[in-house]
Structure formats: structure tokens, C-alpha cells
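Student: I have a structure here, written as C-alpha cells, and I will follow up with some questions on it.
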Amino acid sequence: VDKEAFFNIPFPPVIDDHFLPYRTTQSFTNLAHLKPSGSVMLGMNSNEASYFLLYSLVSNASFVKDSEAFPVTTEEQYFKTLLKILDLEHHMRPDLMKFLAQYTHFEYKNYSELPNPQTWTRMLEEISSDKGFKCPLVEFAQALVSSNRGSQNRLSLRNSTPRTYFYEFAHRTESLPWPRWMKTMHGQEIEYIFGALFSPLFMNKFYGFTKPEMDLADIMMTYWANFARTGNPNIMADGKSIRTSQDNSSETASESNCKWPHSLPMTYWEDFNEKTESYLTLDTDRISVARKPRSRPCKYWNRWFPALMQHAESISGSCPRKK
């Protein structure tokens with residue numbers, strides 16, 4: 001995340017060419033510093049940046065008291081916040097930076113929606129989430145499974161890519177006290193993974209959960225425990241596997257002979273690979289397999305926006321930013 005986009009980070013990571021050998025502007029392609037064995041699980045929440053937007057929108061903090069209100073009320077406020085999110089607000093050539101903001105706005109605008117506080121808030125959240133969280137994560141996952149990774153580095157110990165599992169947590173807890181526009185915030189999956197839903201102490205102190213939410217937590221805890229134990233979220237404690245779609249994945253636990261911790265249906269979690277980029281969407285309504293997470297938005301942030309920014313900088317004569 002760009003440290004100036006939301007708030008200043010006083011102690012950011014230090015690139016020491018040992019523990020952190022790559023800068024964020026460098027390619028992840030080789031990743032030679034990773035261990036030569038093991039699986040990887042990584043994922044994102046649907047609205048990663050909504051919590052951090054509060055820092056950018058703090059001047060309009062009155063919306064926090066109304067769960068149905070939106071923090072952006074005018075188009076002027078929307079574009080001002082957008083420039084801050086893009087880390088462009090103090091550039092020496094504001095005319096060029098406004099062009100980049102307009103181009104980004106065009107990329108995310110839904111022309112079936114009228115301009116209003118709801119659409120402005122939605123776009124700011126999507127832009128922030130994609131730029132600062134989702135697309136860097138997707139790029140990292142793609143690098144992990146790339147068949148070219150480490151091929152040019154003689155120190156790389158891998159002959160094959162690690163088995164990688166990717167997820168998107170898409171459920172907003174119904175009793176969550178935060179404003180509704182924030183939806184599935186950063187970190188909200190933690191209470192499901194670690195079973196806070198089954199803690200009377202947590203529920204008495206904070207908020208409660210519905211039966212579908214408790215079922216979702218049960219399933220997620222099973223996936224995570226399987227992965228921690230075996231490196232594969234589909235392999236149960238007794239060594240048997242969740243069935244694939246070809247093997248009738250809708251079969252419930254009680255219908256199979258596996259020693260499941262519950263009788264809920266489990267979906268086979270396909271690995272994220274170079275060909276399919278499969279990932280698991282986790283929600284109370286449905287747990288399903290999807291493909292190519294944030295494909296078009298991530299092309300914008302990883303390819304098009306940097307090219308536009310480079311072109312704008314060349315036009316402006318590479319002027320330094322105001323301090």
C-alpha cells in the first residue's frame with residue numbers, strides 16, 4: 001500500500017537485500033529467496049480498502065454515526081479523495097495528474113449508474129482495493145505459479161512451482177457495527193478462521209452471528225486446519241480428500257466415509273495455477289470456484305497505469321513533487 005495514500009507509516013519495511021531482497025518496483029518473477037518446498041495459501045477480502053478509506057475521509061467523519069450514509073457527498077470531494085488515493089495530489093503538474101485521475105475514473109465508472117454518493121463511494125473503494133491490495137496480491141500469486149520463475153537464477157532450488165491456493169472472502173457479518181458501505185472489510189475473515197463465532201465471550205463483548213455464518217466458519221476452519229496439517233486444504237484428518245466436481249462434490253460429509261468435523265457440504269478447492277488461476281469464493285450464500293481474479297482491473301494497475309504515469313512524468317520533465 002502506498003504509505004501516503006491513506007496514512008503515514010512511521011516504520012515501513014526495510015529493503016536489506018537479504019530478508020527483503022526485492023523492491024516493490026522490481027519483478028517478482030524469480031522469487032529465488034523462497035524456500036524450496038511447501039504450499040502457499042493467500043487471499044483477499046472483497047472490500048479490502050474500505051477500512052483504510054476512513055483515514056482519507058476523516059474530514060467527513062459524521063457518516064460513521066449513520067450506517068446507511070455514504071462518506072462522499074459531492075463529485076468535488078470524490079476527485080479530491082481520488083487524487084490522494086493515487087498519491088498524485090502534490091505533484092508539480094496537477095493538470096497532468098487530473099488527467100490520470102479522470103482516466104482511472106473512466107476505467108471504473110459504471111454507466112448504468114447515476115453519479116451519486118453511493119457510486120462515488122463504491123468507485124473509491126474498488127480503486128483503493130485493487131491498487132493497494134488485490135492486484136499486488138494477484139501479481140504475487142501469478143509469480144509463484146509461473147513456469148518461468150527461477151529459471152534464470154542458478155541459486156533457485158525449485159524445479160517446480162509451489163502448490164498455491166487462493167481465496168476471496170466475500171461475506172459481511174450481518175451484525176457488524178460498521179457502516180454498510182464498508183461491506184467485507186480488511187481482516188474480517190480472521191474471526192471466521194480462528195473460531196471467534198463459537199466464543200460466548202467474544203459475542204457478549206462485541207457482536208453475535210447467524211447460523212449460516214457459523215456454518216461458514218466451520219467450513220473455513222476445516223479448510224485452514226487441513227492446509228496447516230497437510231499443505232492441501234482438501235485433505236481431511238484421516239487422509240481422505242474432499243471430492244472434486246467430477247466425483248460429485250455436492251456429496252455431504254455424512255454421505256462419505258471421511259472423519260469430518262461437521263456434516264456440511266465441502267467444495268473442492270482447486271489450486272491456483274498458471275493456466276486456470278482458480279480461486280475459492282467464501283460466502284454464506286455459496287462457496288464456489290471462480291477464475292482469473294480481478295483480471296481487467298489488474299491489467300490496468302500493473303500495465304496501463306504505470307505506462308500512463310511514466311508518459312505523464314516525461315511530459316512534465318520529471319519534476320519533483322512538492323514536500
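Throughout, read-outs are computed from the coordinates displayed, never taken from laboratory work. These figures come from a predicted structure and were not determined experimentally. When we count neighbours, we look across all protein chains shown, and the Cβ atoms used for this are built from the backbone with ideal geometry, even at glycine.
Student: Just to verify a number: FRET efficiency for Lys98 and Ala237, C-beta to C-beta distance, R0 = 51 Å, to 0.05? Provide the component values of the computation, followed by the final result.
Tutor: On the way: r = 57 Å, r/R0 = 1.12.
So the FRET efficiency works out to roughly 0.35.
Student: How high is the FRET efficiency from Arg296 to Tyr111, r the C-beta distance, R0 22 Å, rounded to 0.05? Kindly include the intermediate steps, with their values, before the conclusion.
Tutor: Details: r = 16 Å, r/R0 = 0.71.
So, using R0 = 22 Å, E works out to roughly 0.90.
Student: Another question, if that's okay. Give me the one-decimal nm value for the distance between modelled label points at Phe11 and Arg303, 7 Å along each residue's Cα-to-Cβ direction.
Tutor: 4.0 nm
Student: Now, a different point. Mind giving me the nanometre distance, one decimal, between the label points for Thr230 and Glu174, set 7 Å out from Cα along Cα→Cβ?
Tutor: Those two pseudo-labels are separated by 3.3 nm.
Student: Say each of Asp87 and Glu313 gets a label point 7 Å from the Cα, pointing the same way as Cα to Cβ; how far apart are those two points in nm?
Tutor: So the two model labels end up 1.0 nm from each other.
Student: How high is the FRET efficiency from Ser263 to Met203, r the C-beta distance, R0 22 Å, rounded to 0.05? Display every interim value, and only then the final one.
Tutor: Numbers: r = 23 Å, r/R0 = 1.05.
About 0.40, to the nearest 0.05.
Student: Kindly flag which residue pairs out of Lys205/Lys240; Lys98/Lys292; Lys109/Lys275; Lys80/Lys183 have an alpha-carbon separation exceeding 28 Å in this structure.
Tutor: Values: Lys205/Lys240 38 Å; Lys98/Lys292 30 Å; Lys109/Lys275 30 Å; Lys80/Lys183 23 Å.
Violating the 28 Å limit, Cα to Cα: Lys205/Lys240; Lys98/Lys292; Lys109/Lys275.
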